[in-house]
1. Based on the mean of other Cβ atoms within 10 Å per residue, sort peptides 384-392, 45-53 so the most packed one is first.
2. I need the Debye-formula profile for segment 123-232: one equal scatterer per C-alpha, no solvent, reported as log10 I(q)/I(0) at q = 0.11, 0.12 1/Å, two decimals.
3. Which value, in Å², gives the accessible area per residue of the chain when a 1.4 Å probe is used on the protein heavy atoms?
4. To the nearest whole percent, what portion of all C-alpha pairs in segment 277-330 is separated by more than 17 angstrom?
5. Of the beta bridges DSSP finds with both residues in segment 316-400, what % are antiparallel, to the nearest 5?
6. What aspartates and glutamates could a cross-link reach from Lys304, if we take a straight Cα to Cα line under 12 Å and drop same-chain neighbours fewer than 8 places away?
7. Could you tell me what percent of the accessible area of segment 149-292 is made up of carbon and sulfur, with a 1.4 Å probe and every protein chain present?
8. Under 20 Å Cα-Cα from Lys186, which lysines qualify once same-chain neighbours fewer than 8 residues away are excluded?
Amino acid sequence: MALQRLGNQGARRLFLDRHALLEQPSGPAKGANLLELIQRLGFVQLDSINTVARAHDVILFSRRPGYRSKHLKHLYERERGLFEHWTHDAAVIPMEFYPHWHLRFQRDTELLRKRWRDWRRDGFEAQFETVLQHVRDHGPVSSSDVGKDEKKGSGGWWDWHPSKTALEYLWRSGALTVVGREGFQKRYDLTERVIEEHLRPGTDCDAAATVNWLCSAALDRLGFATSGEIAAFWDTASAAEAKAWCAEQLRQGELEEIEVEQADGNLRKVFTRPDTVERAEELRPPPGRMRVLSPFDPALRDRKRAERLFGFHYRIEVFTPAPKRRYGYYVFPLLEGARLAGRIDMKADRDADLLRVTAVWPERDVKWSAARTRRLEAELDRVARFAGVTGVAFSDGWLR
């Protein structure tokens with residue numbers, strides 16, 4: 001029996017809808033409304049680079065232009081609507097999802113201990129009780145408050161002293177909770193002082209129930225996916241667990257297998273909920289408005305998936321030496337309707353009160369018209385206000 005087929009445009013619309021990018025960017029952007037948006041996305045990745053604004057702020061702004069960074073800080077640190085932990089990277093996650101992280105804590109307990117020993121973080125295990133006692137006695141701490149006389153490591157990102165490593169380990173394994181950041185430096189407190197008792201880990205963790213939730217929640221946010229993509233979404237369930245989940249759900253009739261047309265015309269078999277093809281075909285086209293996306297946007301997190309679906313090849317070049325960069329240090333994708341139309345290199349020059357645009361690179365199949373320039377200028381005016389500057393300045397030869 002032939003599989004149902006979802007065309008590329010329908011697949012794009014469905015994917016954008018699940019990532020809150022199909023509708024007009026508008027609406028309230030704080031408190032319960034902001035939390036609802038993050039629940040819809042699943043999580044928002046955190047990143048410290050601030051060429052225009054930090055990644056998590058750009059992610060939320062691109063969907064709710066009224067959003068400002070103070071709204072996330074208040075929801076996270078004051079209202080405790082979010083907690084911080086890992087998916088594929090550090091992220092803020094709705095607090096109601098916290099029980100589903102018990103399995104992550106359990107698995108990280110052994111995985112990280114072995115891995116970090118192999119990375120020669122000598123002595124960090126001996127600091128566990130000392131660090132915990134310091135937090136008990138002094139309240140929330142940052143890495144600069146502990147291990148002041150300890151020798152650091154060999155440099156770079158791994159230049160951690162044993163107590164800093166202990167802090168990170170105790171957070172990743174659930175004994176500590178990050179309660180906020182100052183200057184992007186994490187502050188840690190005892191989990192029992194932060195997380196409500198009914199959400200905290202018990203003596204047992206129902207791994208099967210957690211895997212079921214993780215896989216189901218991932219598929220709901222992806223719309224359609226392979227078992228590997230489902231496993232990678234939260235990065236807690238293993239590839240084997242996700243594969244077994246898909247097989248069982250397929251057997252029970254809770255999933256079906258379809259073919260999705262990729263940007264190059266090839267077909268890819270994926271799993272989805274029944275009636276997804278029909279629902280996708282009923283979705284309205286997205287607004288033609290152009291908007292700037294963060295390099296860490298949930299819609300772009302899986303670079304290969306984005307390339308297959310949109311024909312958009314993107315790699316961030318912050319760690320690439322300048323002479324070897326194809327585009328720039330921190331280049332933002334440009335979404336226009338249901339296509340990724342190009343990318344832009346820009347930076348907020350707050351001393352000059354300007355958003356400086358170095359270059360825009362349209363995709364090869366995009367003809368850059370005067371109308372597109374007007375749409376870009378309108379978006380950059382919004383981005384400039386968001387970044388706290390009042391003007392936009394284009395470099396000579398900005399259109400590449």
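1. 45-53, 384-392
2. At q = 0.11, 0.12 Å⁻¹ the computed log10 ratios are -0.50, -0.58.
3. Values: 18820 Å² over 400 residues.
Result: 47 Å² of accessible area for each residue.
4. Pairs farther apart than 17 Å: 58 percent.
5. Working: 14 of 19 bridges.
Approximately 75 percent, going by the DSSP bridge assignments.
6. Qualifying aspartates and glutamates at Cα under 12 Å: Glu229.
7. On the way: 3130 of 6970 Å².
Carbon with sulfur: 45 percent of the solvent-accessible area.
8. Answer for Lys186, where 20 Å is the Cα cut-off: Lys70, Lys73, Lys148, Lys152, Lys164, listed by chain and number.
The values are calculated or read from the model by the stated rules, or taken from the named source; none is laboratory data. This structure is a prediction, so every number in the text was calculated from the model and none was measured. Neighbour counts are summed over all protein chains in view; Cβ atoms, including those assigned to glycine, are modelled from backbone coordinates with ideal geometry. Calculation scope for accessible area: heavy atoms of the full protein, side chains included, ligands and nucleic acids excluded. Shrake-Rupley method; radii C 1.70, N 1.55, O 1.52, S 1.80 Å.
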